[in-house]
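Below: the structure, in structure tokens.
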Amino acid sequence: MNTNLLQQASVLDVDEQIELVEAIWNGIVSRGAAPSLTEAQEIELDRRLTDHLANPNDVVSWNEVKAAALIKIGQ
């Protein structure tokens with residue numbers, strides 16, 4: 001890693017650092033690249049898929065999830 005770039009980024013305020021990270025991430029995505037899943041992530045996705053296939057009707061709609069989240073944050 002280029003430590004000079006990291007030092008330059010570290011003096012930015014938090015909002016600027018977030019903008020920088022978003023710009024870098026958008027550049028990665030626009031090239032069609034994506035990070036590989038970790039072994040733990042693969043295991044969790046497999047577990048979730050297996051659970052869904054075994055219980056396809058055990059779901060919560062987006063509207064229910066959104067409403068619960070809004071209640072939780074007090075809106």
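Any read-out appearing in this document is the output of simple, stated calculations on the displayed coordinates, not a laboratory observation. The shown structure was predicted, so the numbers you read here are calculated from the model rather than taken from an experiment. Note that we place each Cβ from the backbone using ideal geometry, even for glycine, and neighbour counts take in every protein chain shown.
Please go through the chain and write out the trypsin sites (Lys or Arg not before Pro) that DSSP classes as loop and that have at most 12 other C-beta atoms within 10 Å.
Filter output for the chain: Arg31.
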Could you check the simple spin-label distance between Ala33 and Thr3, using points 7 Å along Cα→Cβ, in nm with one decimal?
2.3
For segment 14-24, what does the Karplus curve 6.51 cos²θ - 1.76 cosθ + 1.60, with θ = phi - 60°, yield as ³J(HN,Hα) per residue in whole Hz, taken in order and with x for Gly and Pro?
4, 4, 5, 5, 5, 4, 5, 4, 4, 5, 5
Return the calculated 222 nm mean residue ellipticity for the chain, to the nearest 500 deg cm²/dmol, obtained by summing -39500 (n - 2.57) across DSSP H runs with n ≥ 4 and dividing by the residue count.
-22000 deg cm²/dmol
Along the charge dipole of the chain, Cβ charges K/R +1 and D/E -1, which of Val21, Asn57, Leu5 sits furthest on the positive end?
Asn57
Quick check for me: using +1 on Lys/Arg Cβ and -1 on Asp/Glu Cβ, what's the dipole size of the chain about its Cα centre, in debye to the nearest 20?
140
Length gained when the stretch Glu16-Leu45 is fully extended (0.36 nm per residue, less Cα-Cα span)
7.1 nm
Which whole number in µm²/s is D for segment 3-72 by Stokes-Einstein, with the Kirkwood Rh taken over Cα pairs at 25 °C and 0.890 mPa s?
150
Ranking of Asp51, Asp15 by count of other Cβ atoms within 10 Å, fewest first:
Asp15, Asp51
